[in-house]
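Notes for the one structure printed next.
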Amino acid sequence: MFYFADIAPKTFISYSITFGDSFRQAKVVSIDLDRQHVLLHDGEELSFSHLILATGSDGPFPGKFNCIVDRQSAIQTYEDMVKEVQKAPRLVVVGGGSAGVEMAAEIKTEYPAKEVTLIHSKMALADVELLPCVRQTVKEILIQKGVHILLSERVSNLPMLTLNKFKENMTVKTDKGTEIATDMVILCTGIKINSSAYSSAFHDKLASDGALKVNEHLQVEGYENIYAIGDCAHVKEPKLAYHAGLHANVVVTNIINSLMQKPLKTYKPGSLTFLLSMGKNDGVGQINGYYVGWLIVTLIKSRGLFISKSWKEMGQRMPC
């Protein structure tokens, strides 16, 4: 996010260019299962023979951006955020999951002179599904970069803090009595399944986290023509874009096969592939359950964050 001056225009890819008249930018407010209609916030109704639910997850900016705005406004929001970071000599990142550790590492990589503190409520950083050696390497990279780390502490005065804006001499307090003077606070916690579009229609098909219960074909339980993919599918694996792509391939194949009366494809979670970009020249992760270091992660992810691959998949040319 921070280490390329022009990263924001490359991050947002126009759906309308790829899908043309088949694309609607709107919020789904309800799903009528009997009539097989989807109702949008502007009053438009869309009928379906097959439905794929891919609502993803929601959470605080800048890790998530789920506002209904045009592409240029979204780009400007992130560019404004970078300017705020540039003004702040001291920053606190709240949350040490994958988003938080990547955020802290990126800021410290691009702005080594800034004082960056990462606060995490658990003892180990990054995601629990990762190998212990990967999580330990994440910690070592952050320490090497000069990030101050507070583990097993929760921010206790979050509602009183200004988020994502430069504000001199704020004080972040934790439940352990620690106080940190800072000039900017970035929140990287509170990610949850974005279930508002379907929770009413599928109230009896929801897992405890709001995801939809699916079978081995990724069909919502009890429905042959309705599928769930990505974060909103209740599959025992980490919520990653990589896995969402695998889900999509299975679902598209299954819809085609169902129309042609062919057997449906089964989705089976495999060994975990998870890469953490710790700045443009560093990273760590695992591929199919095996540890990979900075060289492989840098070559695969850190320098481009898979952006060029996404543009190619959307059939568009990435801006220079």
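The values are calculated or read from the model by the stated rules, or taken from the named source; none is laboratory data. No experiment lies behind these values; they were computed from the predicted model shown. In case anyone asks, the SASA skips ligands and DNA or RNA and just uses the protein heavy atoms, side chains included. Shrake-Rupley method; radii C 1.70, N 1.55, O 1.52, S 1.80 Å.
Laid out as a table, the results:
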read-out	value
In Å, descending, principal axis extents of the Cα set of the chain	61, 44, 43
Calculated SAXS-style log₁₀ I(q)/I(0) at q = 0.15 Å⁻¹ - segment 175-320, Debye, Cα scatterers	-1.00
Sum of -39500 (n - 2.57) over DSSP H runs of 4+, divided by residues of the chain (222 nm, nearest 500)	-8000 deg cm²/dmol
Residues whose placed amide H lies under 5 Å from that of residue 218, excluding near-sequence neighbours	267
Segment 61-100: C-alpha gyration tensor shape, a/c 1.5 cut-off, then a/b vs b/c	oblate
Percent of beta bridges antiparallel (DSSP, the chain, rounded to nearest 5)	55 percent
Descending principal axes extents, segment 65-212, alpha-carbon based, whole Å	51, 40, 28
Segment 277-283 - phi-based ³J(HN,Hα) in whole Hz, Karplus 6.51/-1.76/1.60, Gly and Pro as x	8, 10, x, 5, 10, 8, x
Extent along principal axes [Cα atoms of segment 45-124; Å; largest to smallest]	55, 35, 16
Dimensions in Å of segment 132-208 - Rg and Dmax from alpha carbons	17.8, 49
Protein accessible area in segment 183-320, 1.4 Å probe - carbon and sulfur %	55 percent
Over segment 1-61, volume per residue of the alpha carbon convex hull, in Å³	135 Å³
Considering only segment 113-201, percent of DSSP beta bridges that pair antiparallel, nearest 5	50 percent
Alpha-carbon centroids, segment 259-320 and segment 211-243: separation in whole Å	20 Å
Lysines whose Cα lies under 22 Å from that of residue 192, excluding same-chain neighbours fewer than 8 positions away	27, 64, 122, 205, 213, 236, 239
The chain - percent relative contact order, Cα under 8 Å, separation 6 or more	18 percent
Accessible surface, segment 122-252, averaged per residue in Å² (probe 1.4 Å)	51 Å²
